[in-house]
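To keep things clear, I will list the structure first and then write my remarks on it.
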Amino acid sequence: MGLNLPEKMPSESPLLEAYQLLVEDLDYGAIGKCTDVAMLVKILRVLRSAQVGYYPDLIEFTEERIRMLNPKHIILTKDDNVWSREDVGESGDAQALDLTDLCRSTASLGLDHIPDLEPSCSGTNCDEVVMYPIRKRAAMHCEPLKNESDLNAAKRKNETEQPSDCSHGHPKNKRIKSSDFTSWDKYDVHAELLKIDEKHDEEKRDRVTGCHGLAEFVRIDDKATSEKEPIALREKEKGNEAYRAGDYNEALSYFNRSLSVQMSLVVINNRAQVYIKLKKFAEAVSDLKYILSNDSQNVKALLRLGTIYAEQKEPEKAVQYFKSASQLCPESKVAARMLERLTEQAPTTTRDEAGPVWRCSAKKKGPLIEVIE
Amino acid sequence: MDKPQMILHQYNQLNYTAYDCKWIPSSAKFVVLGGLARGTGCIDIFEVTANDVKHVKQIEKSKPVKCGTFGATSLQQRHLATGDFDGRMCIWNLEQPDIPIYQVKGHKEIINAIDGVGGLNIGEGAPEIVTGSRDGLVKLWDPRQTVDPVAVMSPMNVDGDTSNGRDCWTVAFGNAYTPEERCVAAGYDNGDVKLFDLRTMTVRWEANLKNGVCHLEFDRKDICMNKLVATTLEQKFHIFDLRTHNEKTGFATLSMKAHDSTIWACRHLPQNRDVFATCGGEGSLHLWKYNYPASRVKEDGDKKPIGVVGNAELVQDVKLGGQPINAFDWSPDKQGLAVATGFDQSVRVVIVTKLNRI
């Protein structure tokens, strides 16, 4: 045994070995028959690593096979090289590509590098700026979670702690005997009631589904006028996001906050749409009428009013608003279809019978004017 | 052609390693923070023009600068808060950058991450800065108080020993929608994510993601906390819906595999919280859109509310270079404008088009 072979041959393809694949698997026939996506992904990784040689056609074939089985597999995302401005040419979004606005509005003020904004508060006003107090010093200790089992242990610990916590928080839960007058003397009814309220509040908070304590206005006394517009815009964006997520009460708060900074017909229009979603039709109507008194040509407001009246079974009014909307915007399919429905039904049926029809059609067209801007 | 396109506006080669980049609010300028080969640090200022990116100024500092934020400064002042390799937290006036206007040796080791809230009209309440360090501590600072942090979140082993802390890689503010409410999320090298409630000073929630947590970000800092995105070392990112907490299952989670490498960063579009970008280890940049489910809450077996997670849709992906993209920042003033730094000693200005159509 004079041969001095190393104990193990160094592997030519560590990846192939790690995945426990054979070279025989990397074959058109085998890949073509394979239906196991996980296996195909492994094969593709080996092929792409080029540790067993570079076969562009086989890589493509494997990708095609995976695409057939699972077209959305993440391994198929190919990061194309980024485009430069020249590549985009005219197909690009000119508005997004145009930076002159940004540069003009913010950078041309001749200063060393940062343009000055106007001072935030003038003279006497400065004293009234709200200063939030500095937090009191505090420390918190926490154990690192090492792994899954630790996490479960921590969870279990929490679970077992919870009931004891409750009793811990309310040591007076023990019934006081009716004859024990000294204890009753010490018993503070108000304090106990307060505790119950607090507990109730805590429970509510735990169930977090809304924003508790979100103010309906934004503090702007200390802000410069040029800062107000971005603030109003940001509150509006938050409102739109909440609306899209289906949190209508939150959206309402944010639209109110935006309006507390700056009046805007667009935001009022959006708020009206939220009111419609919350079935607060009176508020919605008053918002929409306000918009029309300022801008009688607002198609969106007209359509929304029409929808509300259709929903509330007042077809005459609804028809009136849809008519003016379609006059202003003849291409509006929503107005045309609603008008068709309303006028078709109105003469032949009494209002009561027509009821369900209005409701159904209103629901159908609902999403079409839901677009919030 | 209706989906957003990512376009490289300008590519600049740097003579140092960049660790972080941030837009200077309400300006067309951005800062790049990094470390020079000779062991010093630098704060570099660039200016974007319509067709070009101009280098404005380089400020050299004694230690490499790891991270920075404008989150706790007013829109008038725009002071930059930074954390460096030596554990020092400094606040700079970029007009007079020779000496910091605030300096504190906050940590024993490198400050990995920094975040600010209460400034720039984002977040109610006092301006505060949070730093996370390799020494395992997360410290909360008020720029109006020097020397001492206002709060310290320290790791502790079972026997009360605080010396063996995990490496804190990322910190993020959130839930700052009233002057009292505020949360800090911290991510550690062992995959821990902890959510500290600063109102009650308790750990509100914690989880282990099995892989080191590279970056955490709330979709917005100044709303009742809605979503938290955590990116990890091994290809995955997790989206937590923070609106509904269930006693048994915690928050609803969506885990996605992407990039085929470490995901270094995740940044939400300031103009739309449901659009975000993730940066990968092979120089790729992905743009995602989160879609909510029809109903975000349902009842579990015990009639307790349980969150329902939506889905994340890959809107666009491009490759910016061969090396990891380690930092990314959206311009707060111009929708779609962004800056990214890579380990190939470069900084890129990227424009994403058609964002208002998704």
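We did not get these values from a lab; they are worked out from the coordinates using the rules stated. All of these numbers come straight from a predicted model, not from anything done at the bench. Positions of Cβ are generated from backbone atoms using ideal geometry, with glycine treated the same way; all protein chains shown enter the neighbour counts.
Cut-off 10 angstrom, C-alpha nodes, Gaussian network model of chain B. Which of B:108, B:221, B:304 fluctuates the most?
With Cα springs under 10 Å in chain B, the top fluctuation among B:108, B:221, B:304 is at B:304.
Order by neighbour count: B:346, A:258, A:49, B:295, fewest other Cβ atoms within 10 Å first, most last. Walk me through the numbers before you get to the answer.
On the way: B:346 19, A:258 28, A:49 13, B:295 8.
With the fewest neighbours first, B:346, A:258, A:49, B:295 line up as B:295, A:49, B:346, A:258.
Could you tell me the distance between the Cα centroids of region B:1-42 and region B:174-190, to the nearest Å?
So the two Cα centres are separated by 26 Å.
Who wins for biggest fluctuation among B:281, B:174, B:250 in a Gaussian network model of chain B, springs between alpha carbons below 10 Å?
B:250
Between residue A:68 and residue B:314, what is the FRET efficiency for a Förster distance of 25 Å, r being their Cβ-Cβ separation, to the nearest 0.05? The partial results should precede the final answer.
Values: r = 20 Å, r/R0 = 0.78.
Between residue A:68 and residue B:314 the formula returns 0.80.
For residue B:198, enumerate residues with amide H under 5 Å from its amide H, sequence gap 5+ or separate chain, H modeled in the peptide plane.
Here the answer is B:182, B:183, B:184, since their amide H atoms fall under 5 Å of that of residue B:198.
Sequence-distant or interchain residues sharing an amide H contact under 5 Å with residue B:57, placed H: which?
Counting only residues 5 or more places away or on other chains, the set is B:45.
I'd like to compare B:43-54, A:287-298: which one has the highest average count of other Cβ atoms within 10 Å, and what's the full order after that? It would help to have the intermediate numbers written out before the result.
On the way: B:43-54: 18.4, A:287-298: 16.1.
Those peptides, ordered most packed to least, come out B:43-54, A:287-298.
Taking each residue in A:180-192, count the Cβ atoms of any other chain within 10 Å of its Cβ, then average. What number comes out?
For peptide A:180-192, the averaged partner shielding equals 0.
Counting other beta carbons within 10 Å of each Cβ, put B:6, B:225 in order, fewest first.
Details: B:6 23, B:225 26.
Placing the least packed residue first, the sequence is B:6, B:225.
Quick check: pseudo-label points 7 Å beyond the Cα along Cα→Cβ at residue A:19 and residue A:328, how many nm apart are they?
6.1
Over chain B, with a Gaussian network built from C-alpha contacts below 10 Å, which listed residue (B:315, B:339, B:32) shows the highest mean-square fluctuation?
Among B:315, B:339, B:32, the largest mean-square fluctuation in the Gaussian network model of chain B belongs to B:315.
Pairs B:29/B:194; A:236/B:3; B:108/B:194: which exceed 29 Å Cα-Cα?
Working: B:29/B:194 34 Å; A:236/B:3 24 Å; B:108/B:194 21 Å.
Where the Cα-Cα span goes over 29 Å, the pairs concerned are B:29/B:194.
Determine the shielding of peptide A:239-251 by partner chains: average, over its residues, the number of Cβ atoms on other chains within 10 angstrom of each Cβ.
Values: counts 0, 2, 9, 4, 0, 5, 12, 6, 6, 0, 0, 5, 0.
Averaged over the peptide's residues, the number is 4.
Neighbouring Cβ atoms within 10 Å as the yardstick, rank A:25, B:2 fewest first.
Fewest-to-most ranking of A:25, B:2: B:2, A:25.
Residue by residue through B:242-249, how many Cβ atoms from other chains fall within 10 Å of the Cβ on average? Before the final figure, lay out the partial values.
Numbers: counts 1, 7, 3, 3, 0, 5, 2, 1.
Shielding by partners across B:242-249 averages 3.
Which entries of B:227/B:298; B:61/B:139; B:66/B:354; A:228/A:300; B:210/B:289 have Cα-Cα distances beyond 28 Å here?
Details: B:227/B:298 17 Å; B:61/B:139 23 Å; B:66/B:354 33 Å; A:228/A:300 26 Å; B:210/B:289 25 Å.
From the list (B:227/B:298; B:61/B:139; B:66/B:354; A:228/A:300; B:210/B:289), the Cα-Cα distance tops 28 Å for B:66/B:354.
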